[in-house]
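Only the coordinates and a few stated rules stand behind these numbers; no lab work does. On a predicted model such as this, the values are computed, not experimentally measured, just so you know. Note that each Cβ is placed from the backbone with ideal geometry, even for glycine, and that neighbours are counted across all protein chains shown.
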Amino acid sequence: AFLSLQLFGTIVWILVAATGVPLPLLQGWVMFVAVTAWFLSIVFLSVFLFGYANRVAVNWNQADFIFHGATFVFYFGAFLLQAATTSLHHLPRKFNSTTQERILSGREYNISIAASV
């Protein structure tokens, strides 16, 4: 479970960073969740790989359940924000400008869809 979390967290991290971050407030939270979950999963995996789990008196089943439950909640919130960013692709980037540049280009729109999924 931890390796899949790291793999998909890395993919989300790369895809969100590749969009050019047109809405920093929304996508900043998405990046925070992806990077934090990725880092904490590496820490959690290291605890088990190096045998620290045997030395610390913690209910690891409960800790694993809480970690993955919290990760689900944060990733679901990040999904909603990323999907909201994607849905605004048709809006102009600068409202005072005469150019019709969109918030997300066609390529960035496709990447943002992949990051949402």
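Structure above, values below:
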read-out: Label-point separation in nm, Val117 to Phe72, each point 7 Å along Cα→Cβ; value: 2.3
read-out: Chain lengthening between Tyr52 and Trp29 when straightened (0.36 nm per residue, less Cα-Cα); value: 5.2 nm
read-out: Most to least packed among 33-43, 59-69, 3-13 [average Cβ atoms within 10 Å]; value: 33-43, 3-13, 59-69
read-out: Net lengthening on full extension, Phe65/Ala84 (0.36 nm per residue, minus Cα-Cα); value: 4.0 nm
read-out: Inter-label distance for Ile42 and Ala18, nm, one decimal - labels placed 7 Å from Cα along Cα-to-Cβ; value: 2.0
